[in-house]
Amino acid sequence: MTTDTASADDAVTSAVHFGFDVGGTKIFGVAADGSGELQRTLREPTPHGAEPLLRTLAAMVAQLGAGSGPVSVGVGMAGLITIDGRVTVSPNIVGVDGADIGSGLSEMLGLDVFLDNEVNCAARWELASGAARGVRNGVMVALGTGIGGAFMLDGAVLRGSGGLAGEPGHMIVEADGRRCACGRRGCWEMYASGSALARIAAERLGTEVTGPAVTAAARRGDAAALDVLEEFSYWLALGISNLCILTDPEMVVIGGGLSEDWDLLAQSAEAHVNALLIGRSADSRPRIVPSQAGEISAALGAAMGGAQGHSAAMGGAQGHSAAAGDGLPHVT
């Protein structure tokens with residue numbers, strides 16, 4: 001196991017609320033104590049298949065607790081997650097379509113497990129404790145292996161009739177364009193995700209390159225890398241402007257791994273969004289801001305969902321769909 005903020009030998013006896021963000025390439029795990037203070041984080045590669053994933057999550061729970069055990073566990077996953085916690089399809093996580101991850105992990109751990117889409121989890125945390133605190137209507141866009149999204153309407157996250165709302169990564173931005181892992185062509189995440197950034201760079205430079213290598217080169221002022229980011233920013237802005245036209249948000253929150261490099265993208269992306277939007281004055285354009293917790297916001301939101309579900313079961317909070325975070329968890 002890989003530990004990010006504590007050694008494997010450090011027991012976290014006060015860490016009682018655990019949250020996990022299961023993405024296409026990696027899993028983030030967080031532990032927070034009863035006052036909401038972040039105690040520990042872990043990061044592991046995402047395995048292929050439902051059973052290996054369950055075993056990895058259970059092992060991460062054991063290491064995060066270091067013997068103390070959780071009071072609650074929440075999991076956010078990339079993909080379409082029904083209200084009853086079933087993974088219908090997850091194009092960027094191999095071998096989990098149709099799996100009941102929530103019930104499977106609950107049986108392994110012997111306690112209830114909260115499960116939702118990862119960006120829904122992140123958006124709830126942003127509303128409660130992060131960049132969108134005080135915002136009534138917003139959109140969250142998470143840039144990772146793919147693109148996840150969530151709609152924040154009237155201070156709550158929109159689930160839709162079956163729980164499947166908020167998947168903008170699979171809206172078509174180029175007819176008959178690049179083939180997506182979902183099987184269709186021209187999906188937004190093929191042009192504006194972390195994976196897409198590497199693809200654009202490879203096409204322009206004629207050699208394989210990673211997204212982090214592109215952003216690192218751009219920070220050094222490399223002209224070719226800056227050109228790659230300019231093209232990427234246009235595709236990112238195209239999708240953001242479509243979401244803004246549909247929902248008229250006060251704010252767009254950028255999450256996922258690329259949120260850490262928003263300073264490199266902000267000026268160009270915002271300029272493209274403003275050019276693509278219609279009927280907006282300077283005063284009515286949405287603010288576009290990075291997540292306050294960066295790429296761990298989904299894990300924090302999952303922990304919050306688990307904590308609220310536990311509190312509701314004990315006769316406390318109204319339920320995990322509430323925007324209020326009960327102070328769990330936060331970052332300082």
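The values are calculated or read from the model by the stated rules, or taken from the named source; none is laboratory data. Note that the structure is a prediction, hence the values are computed from the model and not measured. Reconstructed Cβ throughout: ideal geometry from the backbone, glycine too, with neighbour counts over all protein chains shown. Please note that ligands, DNA and RNA were not included when accessible areas were found on the heavy atoms of the full protein model with its side chains. Shrake-Rupley method; radii C 1.70, N 1.55, O 1.52, S 1.80 Å.
Among the listed residues Ser103, Ser72, Ser90, identify the single one that is surrounded by fewer than 18 Cβ atoms within 10 Å (Cβ to Cβ), in contact with a Gly (Cβ under 8 Å, 6 or more places away or on another chain) and of a type in the set (Gly, Ala, Ser).
Ser103
If you filter the range 68-92 down to residues that are of a type in the set (Val, Ile, Thr) and at pLDDT 95 or above, you find that the one that is nearest to the chain's Cα centre (by Cα) is Val75. Can you find, within the range 105-145, the residue that is farthest from Leu158 (Cα to Cα) among those that are among the charged types (D, E, K, R) and assigned to a loop (DSSP other than H, G, I, E, B)? Out of the qualifying residues, it is Asp112.
Among the criteria (1) open to solvent by 30 Å² or more (accessible area, probe 1.4 Å); (2) in contact with a strand residue (DSSP E or B) (Cβ under 7 Å, 6 or more places away or on another chain); (3) of a type outside the set (Asp, Glu), the one Arg204 does not fulfil is (2). Does Leu197 qualify as being in contact (Cβ under 8 Å) with a residue 12 or more places away in the chain, out of contact with any strand residue (DSSP E or B) (no Cβ under 8 Å at 6 or more places or on another chain), over 29 Å from Ala58 (Cα atoms) and surrounded by fewer than 24 Cβ atoms within 10 Å (Cβ to Cβ)? When the stated conditions are applied, Leu197 does not pass them.
If only residues of the range 220-265 that are outside any helix (DSSP H, G or I), open to solvent by 10 Å² or more (accessible area, probe 1.4 Å) and among the small types (Gly, Ala, Ser) are counted, the one that is modelled with the lowest pLDDT is Gly256. Sub-6 Å Cβ pairs linking a first residue in the range 225-247 that is within 15 Å of Leu143 (Cβ to Cβ) to a second residue that is modelled with pLDDT under 95 and in a helix (DSSP H, G or I), at least 6 apart or interchain, are Val228/Arg204, ordered by first then second residue. If the condition is being among the small types (Gly, Ala, Ser) and under 13 Å from Leu243 (Cα atoms), then the range 146-163 contributes Gly148, Gly149, Ala150. Which members of the range 1-51 meet the condition of being part of a strand (DSSP E or B), modelled with pLDDT of 75 or more and open to solvent by 60 Å² or more (accessible area, probe 1.4 Å)? If the condition is that a residue be part of a strand (DSSP E or B), modelled with pLDDT of 75 or more and open to solvent by 60 Å² or more (accessible area, probe 1.4 Å), then Lys26, Glu37, Gln39, Arg43, Pro45 are the ones that fit. Scanning the range 270-285 for residues that are assigned to a helix (DSSP H, G or I), open to solvent by 20 Å² or more (accessible area, probe 1.4 Å) and closer than 24 Å to Gly23 by Cβ turns up nothing. One residue stands out in the range 235-278 among those that are over 16 Å from the mean Cα position of the chain (by Cα) and small (Gly, Ala, Ser): the one that is farthest from Arg199 (Cα to Cα), namely Ala275.
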